[in-house]
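Novice: The following block contains the structure, expressed as structure tokens.
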């Protein structure tokens, strides 16, 4: 294993452990101590790494960290109690009595807390990345392509808002209310994945980890009793299909590789299989969600033996349902490409031409690329070349892309 | 195999004012190196030294005196030491070349551990 691999593993271990520590502490102390839980988890990580720096990583880092974090939390609470002249004898004690009608897993409870609809959409995403998934403010800033200070302020505002919520509004949902609380949690995970998967500039490794983390959370929900609704299964399916192509969609020099040129043998078959499994389980839905439709489309790409054998008619049918459901220009762009490959290139071009007045699309590279593809299919090579040029010129405008994505994703 | 001590000095104010994330990023490089060296079977332990002023105990033959170490006047302090196993100085130097201390600081002193 190379030093770089070890370093990446260590980053992942740090994030997972930080998230696990925070989840355990919030579970015991309550959401009003979220900030304390984060601070203590950070201190424990720092203490751990300072020691491991010379003595090597212990066999059971999780146990080591839990013990250190537990002790630090008791110290902090005693200190606060003394300052407020409260009784001594503070103890964070055992985990609270399990309530059979509530979600029990600390990490799942934390996902629901962070996706609380009292917070703005972007704040839910940032806080989930930070608190559940253990990314640092810097890593989140990298993924958001935003200044680190802005991200830190956003996190701090969101955290304080959550901490001040009265207990009933912040408590984990009962198993009878899952259907009401789950959509917000699923959306956070969906957005987390989009953030990590989008082929933009920025710290690539971090972005990849963000995408993988979203997949992990989706599978966690899909695999757990009570949260394993049809929509959760569909989201897990979608993310598994997308993850299966993570390696194949990027060339060795880091350039994006189009689906038709991707080396299908580089697709992660186990991820495809997992996707098919979740998609099967997702069929119990009364009506298909956006996740169902997107997962269905992804499954058709994944199951086609070659680019030439893709079932474009089936894909277009799903896209048409998705267009009706999502009302988003990004979906329309993707749908138009499917439409063109399904033999309706002229209708696809009309659809794209109608989108040309949308000011935000002027600098959105995928829009110009889609137009170029369709024009090329129609044999209009000169116009196609112009559109490729427009795509290249808009390629660097990551903030526009981000704005557009968020606009489309948050208001559908 | 002989044992070699790697002494890792740094400027007294090297880590002052560093954000926790920055500091963590630095020490993660060290943890990763120690992991690698352990996996390679060449790491034999180490200790980080605290970043306080330490004490200096002196004797003029009659009287023992204790002083705080004059940190403000020195250009470097010893941050810690690691023990590695290597055939000879050349091998120890080769192992040290990848050490993150050279990236985050500037100097490693290598001394062979005397063994009979």
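Novice: Nearest 10 degrees, 0 to 90: what angle lies between the long axis of helix A:381-394 and the longest principal axis of chain A (Cα atoms)?
Specialist: Roughly 20 degrees, rounded to the nearest 10.
Novice: If R0 is 22 Å, what FRET efficiency do you get for residue A:145 and residue A:252 from their C-beta distance, rounded to 0.05?
Specialist: In this case the efficiency is close to 0.35.
Novice: Further question: Take residue A:75 and residue A:157, extend 7 Å from each Cα along the Cα→Cβ direction, and tell me the distance between the two endpoints in nm.
Specialist: Here the answer is 3.4 nm between the modelled labels.
Novice: Per-residue mean of other chain beta-carbon atoms within 10 angstrom of the beta-carbon, peptide B:17-30?
Specialist: Across the residues of B:17-30, the mean count of other-chain Cβ atoms within 10 Å is 5.
Novice: With a Cα-only, solvent-free Debye model of segment A:14-169, what are the log10 I(q)/I(0) values at q = 0.11, 0.16, 0.17 Å⁻¹?
Specialist: Once normalised to I(0) and log-transformed, intensities are -0.46, -0.95, -1.06.
Novice: Continuing with this model, one more query. Return, ordered by residue number, the residues of segment A:45-87 whose backbone nitrogen is under 14 Å from a label point located 7 Å along Cα→Cβ of residue B:52.
Specialist: none
Novice: Thinking of segment B:20-60 as a set of Cα atoms, what percent of all their pairs are more than 14 Å apart? Present the calculation step by step, with values, prior to reporting the outcome.
Specialist: Working: 550 of 820 pairs.
Considering segment B:20-60, 67 percent of its Cα-Cα pairs are separated by more than 14 Å.
Novice: Given Cα positions, please report Rg to Rh for segment A:152-195, the hydrodynamic radius being the Kirkwood one.
Specialist: Value, to two decimals: 1.05.
Novice: Can you give the direction-averaged projected area of the convex hull of the alpha-carbon atoms in chain B, in nm²?
Specialist: 9.3 nm²
Novice: How much of the calculated P(r) for segment A:2-54 lies past 17 Å, in percent of all Cα pairs?
Specialist: In whole percent, the long-distance tail amounts to 42.
Novice: Would you kindly state how much longer the chain becomes between residue A:320 and residue A:392 on full extension, computed as 0.36 nm times their sequence separation minus their alpha carbon distance, in nm to one decimal?
Specialist: 23.1 nm
Novice: Nearest 500 deg cm²/dmol is fine: what mean residue ellipticity at 222 nm does chain A get from its DSSP H runs of n ≥ 4 alone, each adding -39,500 (n - 2.57), divided by its residue count? Before the final figure, lay out the partial values.
Specialist: Details: 19 runs with 278 residues, N = 412.
The per-residue figure over chain A is -22000 deg cm²/dmol.
Novice: Please arrange A:350, A:376 by counting, for each residue, the other beta carbons lying within 10 Å of its beta carbon, fewest first.
Specialist: On the way: A:350 13, A:376 17.
The order, fewest Cβ neighbours first, is A:350, A:376.
Novice: Only helical DSSP H runs with n ≥ 4 go in: add -39500 (n - 2.57) per run for chain B, normalise by residue count and round the 222 nm mean residue ellipticity to 500 deg cm²/dmol.
Specialist: Theoretical 222 nm ellipticity from helices: -8500 deg cm²/dmol.
Novice: If R0 is 22 Å, what FRET efficiency do you get for residue B:93 and residue B:115 from their C-beta distance, rounded to 0.05?
Specialist: 0.70
Novice: Let me ask you something else. Tell me, what is the percent relative contact order of chain A, built from C-alpha pairs under 8 Å that lie six or more residues apart?
Specialist: About 10 percent, as a whole number.
Novice: Determine the distance separating the Cα centre of segment A:325-397 from the Cα centre of segment B:49-80; give it in Å without decimals.
Specialist: Using only Cα atoms, the two centres lie 71 Å from each other.
Novice: Rounded, prolate or oblate for the protein assembly as shown? Axes are the square roots of the Cα gyration tensor eigenvalues, ordered a ≥ b ≥ c, and the cut-off for rounded is a/c under 1.5.
Specialist: Taking the square roots of the gyration eigenvalues as a ≥ b ≥ c, the protein assembly as shown is prolate.
Novice: Over all residues in A:39-46, what is the mean tally of Cβ atoms on other chains that come within 10 Å of each residue's Cβ?
Specialist: Per-residue shielding by partner chains comes out at 2.
Novice: Normalised by the residues of chain B, what does the relative contact order come to in percent, with Cα pairs under 8 Å and at least six apart?
Specialist: 50 percent
Novice: I've got another one for you. Based only on other Cβ atoms within 10 Å, what is the fewest-to-most ordering of B:33, A:64?
Specialist: So the ranking, lowest neighbour count to highest, is A:64, B:33.
Novice: Exposure proxy check: A:174, A:14 ranked by fewest other beta carbons within 10 Å?
Specialist: In order of increasing Cβ crowding within 10 Å: A:174, A:14.
Novice: On a 0 to 90 degree scale, rounded to 10, what angle separates helix A:398-410 from the longest Cα axis of chain A?
Specialist: Between helix and principal axis, roughly 80 degrees.
Novice: Counting partner chain Cβ atoms within 10 Å of every residue's Cβ in B:34-46, what's the average?
Specialist: Taking the mean over all residues of the peptide, I get 3.
Novice: Quick check: the angle from helix A:61-83's long axis to the longest principal axis of chain A, C-alpha only, nearest 10 degrees?
Specialist: The angle comes out near 60 degrees.
Computed from the coordinates by the stated procedures, all read-outs in this text should not be read as laboratory data. Quick caveat, the model's predicted, so the values are computed rather than measured. Cβ sites come from the backbone with ideal geometry, for glycine too, and all protein chains shown count toward neighbours.
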